[in-house]
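Below: one structure, written as structure tokens.
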Amino acid sequence: MTDDTLSLVLFSGTDDKLTSAAVLTVGAAAMGRKVNILLQYWALDAFRADRVHKDHGVAPEAGPAGIELVQQHGTEHWSELLRQAKQIGEVAIHACSHSMEMFGIAKDDLDPLVDGVEGVASFFMEVDGPLTFI
């Protein structure tokens with residue numbers, strides 16, 4: 001039997017995908033579901049304290065029309081949505097230790113939204129159910 005935890009691995013660092021992950025997180029937290037997030041590669045890079053509010057663009061498949069659409073129908077910034085989710089529910093955001101090493105990032109370089117650093121094995125020990133990659 002699986003629990004109701006939403007487990008997300010964020011790989012992409014584009015604003016549209018980070019917003020999508022944040023919306024899923026807020027929804028799950030509002031429903032009382034625990035959320036576990038592991039940040040890897042470009043998503044981790046977007047969580048640097050000095051970059052979190054910069055424009056990270058949209059996925060290439062969105063094209064120019066997608067950029068315009070996102071700008072017209074934009075919601076709150078994904079980082080603010082994640083802050084809200086943490087206020088209403090049990091949301092843990094961890095940086096992947098391997099990606100930290102690859103990018104030369106220290107925990108102090110990250111936005112306070114990031115709770116800590118963990119390896120993939122530790123993350124998988126917490127996963128009991130579906131895992132979503134974004």
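For the reader, a short list of remarks on this structure follows.
- Close pairs from segment 108-134: first farther than 13 Å from Ser97 by Cβ, partner among the β-branched types (Val, Ile, Thr) and assigned to a loop (DSSP other than H, G, I, E, B), Cβ under 7 Å, at least 6 apart: Asp111/Val52; Asp128/Thr2; Asp128/Thr5; Gly129/Thr2; Gly129/Thr5
- Sole exception among (1) at pLDDT 80 or above; (2) part of a helix (DSSP H, G or I) for Glu68, by number: (1)
- For segment 1-45, the candidate set comprises residues that are among the β-branched types (Val, Ile, Thr) and under 14 Å from the mean Cα position of the chain (by Cα); within that set, the residue that is surrounded by the fewest Cβ atoms within 10 Å (Cβ to Cβ) is Val23.
- Test: residue in segment 31-52 that is among the aliphatic types (A, V, I, L, M) and either more than 25 Å from Glu90 (Cβ to Cβ) or at pLDDT below 90 (or both): no
Matching residues to (1) within 25 Å of Met125 (Cβ to Cβ); (2) part of a loop (DSSP other than H, G, I, E, B):
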{"residue": "Asp4", "(1), (2)": "yes, yes"}
{"residue": "Thr19", "(1), (2)": "no, no"}
{"residue": "Ala22", "(1), (2)": "yes, no"}
{"residue": "Val52", "(1), (2)": "no, yes"}
{"residue": "Asp55", "(1), (2)": "no, yes"}
{"residue": "Pro64", "(1), (2)": "no, no"}
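- Scan of segment 77-107 for residues that are within 19 Å of Ala49 (Cβ to Cβ), of a type in the set (Asp, Glu) and within 16 Å of the chain's Cα centre (by Cα), ordered by number: Glu80
- Residues that are more than 23 Å from Glu118 (Cβ to Cβ), surrounded by fewer than 18 Cβ atoms within 10 Å (Cβ to Cβ) and either among the β-branched types (Val, Ile, Thr) or in contact (Cβ under 8 Å) with a residue 60 or more places away in the chain (or both) do occur in segment 46-69, at least one of them.
- Condition met for Glu80 (modelled with pLDDT under 95 and more than 14 Å from Leu10 (Cα to Cα)): no
- Residues being surrounded by fewer than 13 Cβ atoms within 10 Å (Cβ to Cβ), under 16 Å from the mean Cα position of the chain (by Cα) and farther than 19 Å from Ala28 by Cα - total across segment 108-133: 2
- Residue within segment 95-106 that is in a helix (DSSP H, G or I), in contact with a Lys or Arg (Cβ under 9 Å, 6 or more places away or on another chain) and crowded, with 18+ Cβ neighbours inside 10 Å present: yes
The values are calculated or read from the model by the stated rules, or taken from the named source; none is laboratory data. None of the values given here were measured: they were computed from a predicted structure. Glycine gets a Cβ as well: all are built from the backbone with ideal geometry, and neighbour counts include every protein chain shown.
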